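One structure is given here, and the rest of the page talks about it.
The values are calculated or read from the model by the stated rules, or taken from the named source; none is laboratory data. All values derive from a computational prediction rather than experimental measurement. Quick reminder, even Gly has a Cβ in these numbers, built from the backbone with ideal geometry, and neighbours come from all protein chains shown. Please note that ligands, DNA and RNA were not included when accessible areas were found on the heavy atoms of the full protein model with its side chains. Shrake-Rupley method; radii C 1.70, N 1.55, O 1.52, S 1.80 Å.
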Amino acid sequence: MKGFRGAVFYLSAMATSAAGFAPSTNSKTCNYPYNNMNTCDSKSLLSPIFTAKFTSKLQMAGGEGGDTEWAKALMDSVGTAPGTFDKELQAQVKGKMSGLNPNASSTVDQKLSANARLTQWLKEEGAVYLEDASGWGEAPHPMAISTETVDELTNESSGRGLLARRNVNQEEELLKIPMDLCITKKSARKTLGTDILPPNINEYLAMACQLIHEKYVMGQESFYKPYVDVLPEVNEVNPTFTWSDDDLAFLDGSPVIAATQSMQMKLKNEYNMLLADEGKLCDQHPDVFPREHFTFDNWVWAFTNLFSRAIRLRNMKQGETLAMVPYADLINHSPYSGAYLDARETGDWLFKTGEEEVILYADRGYRRMEQIYISYGPKSNADLLLLYGFALERNPFNSVDVTVSIALRTKDMVKAAFDEN
């Protein structure tokens, strides 16, 4: 990096010499990408008079090459001060929301505070590097949480999401989240008791119990509180299995109705068989599963978040694992994305630690302020509406189920066919 800094100052001096002006004596160094230096404005390297003439030269250069193009590359390489993007994003969101509703600023502030608590929790409990400045052996984190995002195709609100803090290259590493911070069947059995939840319990049922336990039983004392605080309420997701019969009537003729009713019955039956019926967990372990908290409404809330946010990690050492991954599950879906969250063993190519982490790479390049997407899988609009509460105007995986049956050939049918001929 010393050689790079020397080359930068050489280019600065060369450009100054070409213009006939001396550089400024400002002693600050610049914050180049991936370089943890003190920050300064690019103009601090040059005198005010030179900056004006230099900018004018760049505007007239037109790609002519030579010293001017080298100096232009120098100007473009200068990074922004740490925290600049997040401040710009907060100001933009607050301005947009206050314009729509003057009373919305308090809601925005609450969401921003929740975002800040989540990122702080990730840093403290999981050593997750989320800074926008480079650290020891770490590149600046390329993403930031936005309380409001807009779908790039429909221009409709898509809720919380992650935006690119800077230009992102294809195949660039976007995030790493330790498995220890994820909610899984393993964490549920550890939290609620391996003697209470058997090894063969369904993953969804175990994780639903932990979600209710963390939010409603533990509350302020929950280890996962900063994560639980950003999980949406049922009405914010609004999947069809939470709809009333009157609301479902608007989908008359759609196969979504049958799928929704089947899901509603399944959720109710599983709730009763695991928790609510006489002699089940609420009766067996009332201190762990208090009935006032393990209600059916809270059960629906848990499954609303599980269906819309849980991720199937396929590259685990012990096979597939269903997991709720803090921070990563804020990324919204695009059917055109080829990016999927998966797991890997931590360490480098030579030495492995034995621990595992969730990893994501960019499937394409992103511009600064552009929303980052992953794929939830090749899902039709019926699947998306049932589990995620939204449908896509342009969905290449949309489909319609068609049921075809063949009538049995009876003697009367055969005789009628011969009579017609």
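Figures for the structure shown
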{"quantity": "Charge dipole (debye, nearest 20) of the range 104-202; +1 at Cβ of Lys and Arg, -1 at Cβ of Asp and Glu", "calculated": "480 debye"}
{"quantity": "Potential lengthening between M316 and S262 on full extension [0.36 nm per residue; Cα-Cα distance subtracted]", "calculated": "16.3 nm"}
{"quantity": "Protein-only accessible surface order, largest first, of D412, D229 at 1.4 Å", "calculated": "D412, D229"}
{"quantity": "Check: the range 366-416 dipole with +1 on Lys, Arg Cβ and -1 on Asp, Glu Cβ, in debye", "calculated": "180 debye"}
{"quantity": "Prolate/oblate/rounded label for the range 263-421 (Cα gyration tensor, a/c 1.5)", "calculated": "oblate"}
{"quantity": "Accessible surface ranking that places the most exposed of E370, E233, E393 first, with a 1.4 angstrom probe", "calculated": "E393, E233, E370"}
{"quantity": "Derived scalar couplings ³J(HN,Hα) [the range 237-249; Karplus, 6.51 cos²θ - 1.76 cosθ + 1.60; whole Hz; x for Gly, Pro]", "calculated": "9, 6, x, 5, 6, 9, 7, 7, 4, 5, 5, 5, 4"}
{"quantity": "Whole-percent carbon and sulfur share, accessible surface of the range 289-421, 1.4 Å", "calculated": "52 percent"}
{"quantity": "Residue-normalised accessible area of the range 238-333, expressed per residue, 1.4 Å probe, Å²", "calculated": "48 Å²"}
{"quantity": "Anisotropy class of the range 173-315 from Cα gyration tensor, a/c 1.5 cut", "calculated": "oblate"}
{"quantity": "Within the accessible area of the range 154-214 (1.4 Å probe), percent carbon and sulfur", "calculated": "42 percent"}
{"quantity": "Charge dipole of the range 141-259 about the Cα centre (unit charges at C-beta), most positive-ward option of T242, V217, L162", "calculated": "V217"}
{"quantity": "Mean Cβ neighbour count within 10 Å, used as a protection proxy, ranking 112-121, 175-184, 396-405 highest first", "calculated": "175-184, 112-121, 396-405"}
{"quantity": "Solvent exposure ordering (accessible area, 1.4 Å, most first) of R367, R189", "calculated": "R367, R189"}
{"quantity": "In Å², nearest 10: area of D132 left accessible to a 1.4 Å probe", "calculated": "40 Å²"}
{"quantity": "Probe 1.4 Å - accessible area at K280, Å² to nearest ten", "calculated": "80 Å²"}
{"quantity": "Nearby aspartates and glutamates by direct alpha-carbon distance to K215 (threshold 19 angstrom, same-chain neighbours under 8 apart not counted)", "calculated": "E125, D180, E203, D229, E233, E236, D287, E292, D297, D329"}
{"quantity": "Probe 1.4 Å - accessible area at L408, Å² to nearest ten", "calculated": "140 Å²"}
{"quantity": "Amide H within-cut-off set for A343, under 5 Å, with H built and near neighbours excluded", "calculated": "R314, N315, I359"}
{"quantity": "For the range 282-373, size of Cβ-based charge dipole, Lys and Arg +1, Asp and Glu -1, in debye", "calculated": "460 debye"}
{"quantity": "Listed peptides 295-302, 243-250 by packing density, highest first (mean Cβ within 10 Å)", "calculated": "295-302, 243-250"}
{"quantity": "Using a Förster distance of 51 Å, the FRET efficiency for E370-E270 (Cβ separation, nearest 0.05)", "calculated": "0.80"}
{"quantity": "Rounded to whole Hz, the Karplus (6.51, -1.76, 1.60) HN-Hα couplings of the range 364-375, x for glycine and proline", "calculated": "7, x, 10, 8, 4, 6, 7, 6, 7, 10, 10, 9"}
{"quantity": "Under-5 Å amide H pairs with G159, H placed in peptide plane, nonlocal only", "calculated": "T149"}
{"quantity": "Pairs beyond 29 Å (Cα-Cα), from K176/K266; K280/K379; K186/K280; K176/K280; K268/K317", "calculated": "K176/K266; K280/K379; K176/K280; K268/K317"}
